[in-house]
Amino acid sequence: QVQLVESGGGLVQPGGSLRLSCAASGSILSINNMAWYRQAPGKQRELLAGITSGGSTNYADSVKGRFTISRDNVKNSWYLQMNSLKPEDTAVYYCNAELVVVVGTTPGSYDFWGQGTQVTVSS
């Protein structure tokens, strides 16, 4: 069964850093785009950063210069390094990926989500 498993959330003081990890497991043929989202209470889910299979990255203005997305194709994993954290970064963080998997006998591209991990920035 294909799944994404996140780790690395927690409580950090303002100005601190955290590194989130996401690992894809199961019968995966390939991984196309990978991304990180977050959702704060009462707000819509927000795209923070994305990385393509070729390594091109893009960032939301709210995290540009503070967050860095990277990927390890050998490990089917990707990461979000978060620096200079602010209280407004407090949210549940989700990893997301477009995975190519076989359904029946046919390969296809499908969107998968991690379970979410809480990040709290507070003194």
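The values are calculated or read from the model by the stated rules, or taken from the named source; none is laboratory data. This one's a predicted model, so the numbers in the text were calculated from it and none came from an experiment. Backbone-built Cβ (ideal geometry, glycine too); neighbour counts: all protein chains shown. SASA here: full protein model, heavy atoms, side chains in, ligands and nucleic acids out. Shrake-Rupley method; radii C 1.70, N 1.55, O 1.52, S 1.80 Å.
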Practice task
Please name which of SER62, TYR110, SER17 has its Cα lying farthest along the dipole of the chain towards the positive end, using unit charges on Cβ (Lys, Arg +1; Asp, Glu -1) and the Cα centre as origin.
Solution key: SER17
Practice task
Kindly report the accessible area of the chain per residue (heavy atoms of protein chains, probe 1.4 Å, no ligands, DNA or RNA), in Å².
Solution key: 53
Exercise for the section: Please give the length that would be gained between THR105 and SER30 if that part of the chain were fully extended, namely 0.36 nm times their separation in residues minus their C-alpha to C-alpha distance (nm, one decimal). Expected result: 25.4 nm
Fill in the blank from the handout: Mean Cβ-within-10 Å packing, highest first, puts peptides 47-60, 29-42 in the order 29-42, 47-60
Handout entry: Rounded Å value of the spacing that divides the Cα centres of the stretch 89-108 and the stretch 1-53
Key = 11
Practice task
Quote the relative contact order of the chain in percent (integer), defining contacts as alpha-carbon pairs under 8 Å separated by 6+ residues.
Solution key: 35
Problem - Whole-percent carbon and sulfur share, accessible surface of the chain, 1.4 Å - result: 48
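With all protein chains present and a 1.4 Å probe, how do GLU88, GLU6 order by accessible area, largest first?
Numbers: GLU88 125, GLU6 10 Å².
The ranking, largest first, comes out as GLU88, GLU6.
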